[in-house]
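Values quoted throughout were computed directly from the atomic coordinates according to the rules given, and no laboratory measurement underlies them. All figures in this text were calculated on a predicted structure; none of them were measured in a lab. Neighbour counts are summed over all protein chains in view; Cβ atoms, including those assigned to glycine, are modelled from backbone coordinates with ideal geometry.
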Amino acid sequence: MNILFVADPLEVFQIYKDTTFSMMREAQRRGHRIAACEPRHLTWRSGEVVHAVIRQVTLTGTEDWFRVDATVTRPLKDYDAVIMRKDPPFDDEYFYATHLLEQAQREGARVFNRPAALRDHPEKLAIMEFPQFVSPTLVTRSADEVRRFHAEHADIILKPLDGMGGMGIFRVGPDGMNLGSITETLNHHGATTLMVQRFVPEISQGDKRVLVIGGKVVPFSLARIPQGSEVRGNLAAGGLGVAQPITERDREIAETIGPLLSARGLLLIGLDVIGDCLTEINVTSPTCFQEITQQTGFDVPAMFVDALEHAVEEDTTVL
């Protein structure tokens, strides 16, 4: 296959942990051809198909980890698979990129994850479809609603809907210290929606990343354990990543949500679970492939490329 990765600049990849790199490496190992571009390289001219300035690359296995074999301008539909792996934030430019990718899809490109599904499943709001798995949660702009929620649950977490890597997450305990100030910071005096959740004390045991690929559950999660006085387990916030077998509750959550979202065009999702509670559904560029593979020996990139090959073959059969 010819596989195009739409991602951040290759030059900024931290290949010792980068999930997109691990996908590329496994794909090349199987003989697939690899190409890459950034969302800013996508172009759609009226009356023409969506195309991009694309680098055809070979992974070298050396310190200079990739070699550019050619730079071409080519329609996205010419590739067997287009994998959208641009990291958050899901800002205006990400939103516009999904529309260009959706047009490419109409022209015949096979895009994973499906662009419309990326838009339809905001990573924090998506959990609200599954109330049986979440801790009490409120989505609001209203400071009064936040105060009532705190009065009911005493120990709460507040977070922006567009945060990533633990950015902008606050905990407010029973004393309510700084609740007003934190709410004003996150909702911009009522102009911005935020999420409030009852604090789940099992965060001390880790914020687990449970991966679902092609509707099937990876049998190990990565528990991201907060360090020191930090309440956030995110690796970007200094959390320690420890791979472990998924629990029965993890499996129940993943086997309920995974096939449903897979049918909507989400080949890869990452579920965040604290204790028994689902806290987030990651769809843009879920990570942790390398950490789980290195610590357990379970080959997550191989499972992903298996699923990609199957999805492309199935789509070709339908066409």
Quiz prompt | All Cα pairs of the range 1-44, percent lying beyond 14 Å | solution = 49
Quiz prompt | Charge dipole of the chain about the Cα centre (unit charges at C-beta), most positive-ward option of Gly108, Val305, Ser135 | solution = Gly108
Quiz item: Just from its helices, what would the mean residue ellipticity at 222 nm be for the chain, if runs of 4 or more DSSP H residues each count -39500 (n - 2.57) and the sum is divided by every residue, rounded to the nearest 500 deg cm²/dmol?
Solution: -9000 deg cm²/dmol
Quiz item: For Thr62, Thr284, what ranking results if the residue with the fewest other Cβ atoms within 10 Å of its Cβ goes first?
Solution: Thr62, Thr284
Quiz prompt | Binned Cα-Cα distances of the range 154-235, short to long, each 5 Å bin given as a whole percent | solution = 3, 13, 20, 22, 18, 12, 7, 4, 2
Quiz item: For the range 2-119, what Kirkwood radius comes out of the mean inverse Cα-Cα distance, in Å?
Solution: 14.4
Quiz item: Taking a temperature of 10 °C and a viscosity of 1.306 mPa s, what whole-number D in µm²/s does Stokes-Einstein yield for the range 73-167 with Rh from Kirkwood over alpha carbon pairs?
Solution: 99
Quiz prompt | DSSP bridge pairs, the chain: antiparallel proportion in percent, nearest 5 | solution = 80
Quiz item: Past the 19 Å Cα-Cα mark, which pairs from Lys17/Lys159; Lys86/Lys124; Lys124/Lys208?
Solution: Lys17/Lys159
Self-check item: the range 37-86, Rg to Rh (Cα coordinates; Rh as Kirkwood inverse mean 1/r)
Solution: 1.03
Quiz item: How long are the three semi-axes of the equivalent ellipsoid of the chain, in whole Å, if each is the root of 5 times an eigenvalue of the C-alpha gyration tensor, listed from largest down?
Solution: 35, 22, 18
Practice problem: Name the most mobile residue of Ala70, Ala116, Ala36, meaning the one with the largest mean-square fluctuation, in a Gaussian network model of the chain with Cα contacts below 10 Å. | Solution: Ala70
Quiz item: Rounded to whole Å and sorted largest first, what semi-axes of the equivalent ellipsoid does the C-alpha gyration tensor of the range 202-314 yield via the square root of 5 times each eigenvalue?
Solution: 24, 15, 12
Exercise. In nm, give the distance between the simple-model label positions of Met177 and Ser142, each being 7 Å from the Cα along the Cα-to-Cβ direction.
Key: 2.9
Quiz item: Relative contact order, percent, of the chain when contacts are C-alpha pairs under 8 Å separated by at least 6 residues?
Solution: 17
Practice problem: Treat the range 136-199 as a sphere of radius equal to its Kirkwood radius over Cα pairs and apply Stokes-Einstein at 25 °C in a medium of 0.890 mPa s; give the translational diffusion coefficient in µm²/s, rounded to a whole number. | Solution: 217
Quiz prompt | Label-to-label distance, nm, for residues given as Arg30 and Glu11 (7 Å Cα→Cβ offset) | solution = 3.1
